[in-house]
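Asker: Just dropping this structure here.
All of the numbers you see were taken from the coordinates with simple rules; none came from a lab. Quick caveat, the model's predicted, so the values are computed rather than measured. Heads up, the Cβs are rebuilt from the backbone with ideal geometry, glycines too, and the neighbour counts pull from every protein chain shown.
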C-alpha cells in the first residue's frame, strides 16, 4: 500500500465524494483547499457529459466548492480526446448537450447527420425519439457507435431518469451494435485524466464512492484506491466484491491530515 503522503496526484469522483444533492460533503472544501495550498495536481472526474467545465465549476461553487474549471474532467472531454486521437477532424452525429458538443467542436470534429464517422451518445435532459431513430439508422449504415458513459439512470427530484446506458441499450437492441464506452469504469477515462495533469500511476490515487466504477477502474489503471462511504457503497457492500480498495474511509474529511 502506498502512503498518502507519497501521492503526488489525486483523481476524485464528484457525486457522493465531494457533493451530495448539490451540497458539499463535510471536509470536501477543506481537502480541495489543502491540495491547492500544497500545489498538488488533481482532477475531479464525472461521468456526467451535460455540462462544460465552466458550467460545472459554477454549479460546484453554488454548492460551496471552489474548483477551477481546469481541474474538472468529464466523460465528454475524455470522449472528445479519444475521438481526436482515433480520427482527427472526423465527423460525428451527437445526441447530447453543451458539455459534449463543445468538447467535440474544440477537438476539431464536424457535427453532422450526413455520413458521420461516429454516432456519439451522451447525457441529455430530453432524449428525442427522432434523434434516437436517426442514430439507429446511422449506426445501421456503418457509423461507429460511441457512448460517453454506461450509467443507465440519473437522479431527479421526481425519481430516476433514463440515462446514457439505457438509451445505448435501446440502440444496441435495434442495431446489434454495442458502443465503445469511454467513461468510468473504462480505465481510459483515468488515463486521459492523468495525461491532462502529467500524472503517473505509481504516484496517483483515485477517491471514489462506488466499487463497481471508481475502485475497479482505479485498480485497473494501476492507481492507489480510496473508497469513501459517503455515497453509494456502504461498508456492508464491500465483501460482495472480489476485490478491495487500498483504503476505506468514512469520508474525504478523514483524508485532510494525510495529504
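Asker: Test of understanding: what is the full-extension gain from residue 111 to residue 36, defined as 0.36 nm times their sequence separation minus their Cα-Cα distance?
Answerer: That works out to 23.3 nm of additional length.
Asker: I'd like to compare 195-202, 160-167: which one has the highest average count of other Cβ atoms within 10 Å, and what's the full order after that?
Answerer: 160-167, 195-202
Asker: Between the helical axis of 129-140 and the dominant principal axis of the chain, each derived from Cα atoms, what acute angle in degrees is found, rounded to the nearest 10?
Answerer: Taking Cα atoms only, the helix is inclined about 80 degrees.
Asker: Note down the nm distance, to one decimal, between modelled labels 7 Å out along Cα→Cβ at residue 232 and at residue 258.
Answerer: If labels sit at residue 232 and residue 258, their model points lie 2.2 nm apart.
Asker: When all alpha-carbon pairs of the stretch 1-109 are counted, what percent fall beyond 17 Å?
Answerer: That tail contains 57 percent of the Cα-Cα pairs.
Asker: Could you list 38, 175 in order of exposure, starting from the residue whose Cβ has the fewest other Cβ atoms within 10 Å?
Answerer: With the sparsest Cβ surroundings first, the list reads 38, 175.
Asker: If I take every Cα pair under 8 Å that is 6 or more residues apart in the chain, average their sequence separation and divide by the length, what percent do I get for the relative contact order?
Answerer: Over the chain, the number comes to 21 percent.
Asker: If you don't mind, there's one more thing I want to ask. State the volume of the convex hull built on the alpha-carbon positions of the stretch 107-228, expressed per residue in Å³ and rounded to an integer.
Answerer: Each residue corresponds to 135 Å³ of Cα convex hull volume.
Asker: If you wrap a convex hull around the C-alpha atoms of the stretch 61-113 and split its volume per residue, what is the figure in Å³?
Answerer: Each residue corresponds to 81 Å³ of Cα convex hull volume.
Asker: Taking Cα atoms, how many degrees apart are the long axis of helix 75-86 and the longest axis of the chain, rounded to 10 and kept between 0 and 90?
Answerer: With rounding to tens, the tilt is 60 degrees.
Asker: Would you please report the Å³ per residue occupied by the convex hull of the alpha carbon atoms in the stretch 84-131?
Answerer: 68 Å³
Asker: Of the DSSP beta bridges with both residues in the chain, give the percent that are antiparallel, rounding to the nearest 5.
Answerer: Beta bridges within the chain, antiparallel portion: roughly 10 percent.
Asker: Further question on the same structure: Per-residue ellipticity at 222 nm for the chain, helices alone: DSSP H runs ≥ 4 residues times -39500 (n - 2.57), over residue total, nearest 500 deg cm²/dmol?
Answerer: Taking each H run of at least 4 residues, the total per residue is -9000 deg cm²/dmol.
Asker: What is the helix-to-structure angle for 28-37, meaning the angle in degrees between its Cα long axis and the longest Cα principal axis of the chain, kept from 0 to 90 and rounded to the nearest 10?
Answerer: Rounded to the nearest ten degrees, it is 80.
Asker: Quick check: pseudo-label points 7 Å beyond the Cα along Cα→Cβ at residue 239 and residue 172, how many nm apart are they?
Answerer: Using points 7 Å along Cα→Cβ, the separation is 3.2 nm.
Asker: Sticking with this one: Which semi-axes, in whole Å and largest first, does the equivalent ellipsoid of the chain have when worked out from the alpha carbon gyration tensor as the square roots of 5 times its eigenvalues?
Answerer: So the equivalent ellipsoid measures 32, 19, 17 Å along its semi-axes.
Asker: Could you check the spin-label model distance between residue 134 and residue 152? Points 7 Å from the Cα along Cα→Cβ, value in nm.
Answerer: Distance between label points: 2.8 nm.
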